[in-house]
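The values are calculated or read from the model by the stated rules, or taken from the named source; none is laboratory data. All figures in this text were calculated on a predicted structure; none of them were measured in a lab. All Cβ positions, even for glycine, are placed from backbone atoms using ideal geometry, and neighbour counts span all protein chains on display.
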Amino acid sequence: MTYDEVVFASRTEVEAAVAAGPVRWRRCSAAGLNLRNIDLTGAQLDHCVFDEVDLGDCQLDGAVVTGGTFVGAKLTGADLTDAVFTGADLSQVRFTDALLADAVFTGCKLVGADLTGLRGLAVTFTVTDCTLQLANLGDANLRGLRLTGTDLSEADLWGTDLRDAVFDNCRLRDTDLSHTKLHGADLRGADLGEITLDATTHLVGAVISPRQAAEICGALGITVME
């Protein structure tokens, strides 16, 4: 059943709408509600407002989210398998312990999002043209992740496993790469910002471009001449 511009005032109202049939919501709002464990499998959410909603342990597998805002929402432990997020504002969202298998994020804003403790042994989700400034990915297992057109400026990647990851047209300016595993990571398409002497120690094992290598040499006080 399709709902247009409905403001849900309680969990009971949301549950009744879900029970009425496939979730097809346009410009609806459930802001601030506790919707833990709710089943939104295959839901289509078009420009809906889910700010500060608790969606912990919920089922969102196969959901299609277009536009809308989830600012400050909790998706801890949620199943987001095959979910597709396009142009959504997911700033400050907590994805802790969430399952993102084959999930797709395109053109989304994830400023300050918490992506620590993700479930799954292999990275199968994709991130394209998103903003992950100030996001927390500390200690996450993101081996083999491919990021395209994504801004990770000032993000926390402390201890993150990014071996064999590919950064295509990405920004890593002032990003915390302390103790990050970068062996085989392709940083040739990344803007590393100003490379300092301390920063060079965090890039061990990474694949870089000749230009980036020259900048690193510069930080080390080495002059490269042809």
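Among the residues making up the range 179-203, a single one is touching a strand residue (DSSP E or B) at 6+ places or on another chain (Cβ under 9 Å) and hydroxyl-bearing (Ser, Thr, Tyr): Thr180.
Asp46 - would you say it is out of contact with any helix residue (DSSP H, G or I) (no Cβ under 6 Å at 6 or more places or on another chain), of a type in the set (Asp, Glu) and over 23 Å from Thr131 (Cβ atoms)? No, not satisfied. Checked against the criterion of being over 24 Å from Gly77 (Cβ atoms), buried (at least 21 other Cβ atoms within 10 Å of the Cβ) and without any contact (Cβ under 8 Å) to a residue 60 or more places away in the chain, the range 120-130 contains not a single residue that satisfies it. Within the option set Asp39, Asp97, Asp79, Asp89, being touching a Ser or Thr at 6+ places or on another chain (Cβ under 7 Å) and more than 22 Å from Leu162 (Cα to Cα) holds for one residue only, Asp89.
Residue-by-condition table, conditions (1) at positive phi; (2) assigned to a strand (DSSP E or B); (3) hydroxyl-bearing (Ser, Thr, Tyr):
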position	(1), (2), (3)
Asp51	no, no, no
Gly56	no, no, no
Asp61	no, no, no
Val71	no, no, no
Thr76	no, no, yes
Gln92	yes, no, no
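Based on what the data block shows, is Asp82 out of contact with any His (no Cβ under 7 Å at 6 or more places or on another chain), at pLDDT below 95 and farther than 19 Å from Val6 by Cα? Considered against the rule, which asks whether it is out of contact with any His (no Cβ under 7 Å at 6 or more places or on another chain), at pLDDT below 95 and farther than 19 Å from Val6 by Cα, Asp82 comes out as no. Residue-level check: of (1) in contact with a Phe, Trp or Tyr (Cβ under 8 Å, 6 or more places away or on another chain); (2) under 20 Å from Val111 (Cα atoms); (3) modelled with pLDDT of 95 or more, Ser153 misses just (1). Evaluating Val104 against the criteria (1) under 20 Å from Glu154 (Cβ atoms); (2) surrounded by fewer than 19 Cβ atoms within 10 Å (Cβ to Cβ); (3) hydrophobic (A, V, I, L, M, F, W, C) leaves one unmet condition, (1). Restricting to the range 1-38, name every residue that is in a loop (DSSP other than H, G, I, E, B), modelled with pLDDT of 95 or more, within 19 Å of Asp61 (Cα to Cα) and not aliphatic (A, V, I, L, M). Matches in the range 1-38: Arg36, Asn37.
Residues are listed down the side, and each one gets a yes or a no for (1) polar (S, T, N, Q); (2) surrounded by fewer than 20 Cβ atoms within 10 Å (Cβ to Cβ); (3) over 27 Å from Gly112 (Cβ atoms); (4) touching a residue at least 24 places away in the same chain (Cβ under 8 Å):
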residue: Glu13; (1), (2), (3), (4): no, yes, yes, no
residue: Cys28; (1), (2), (3), (4): no, no, no, yes
residue: Thr41; (1), (2), (3), (4): yes, yes, yes, no
residue: Leu75; (1), (2), (3), (4): no, no, no, no
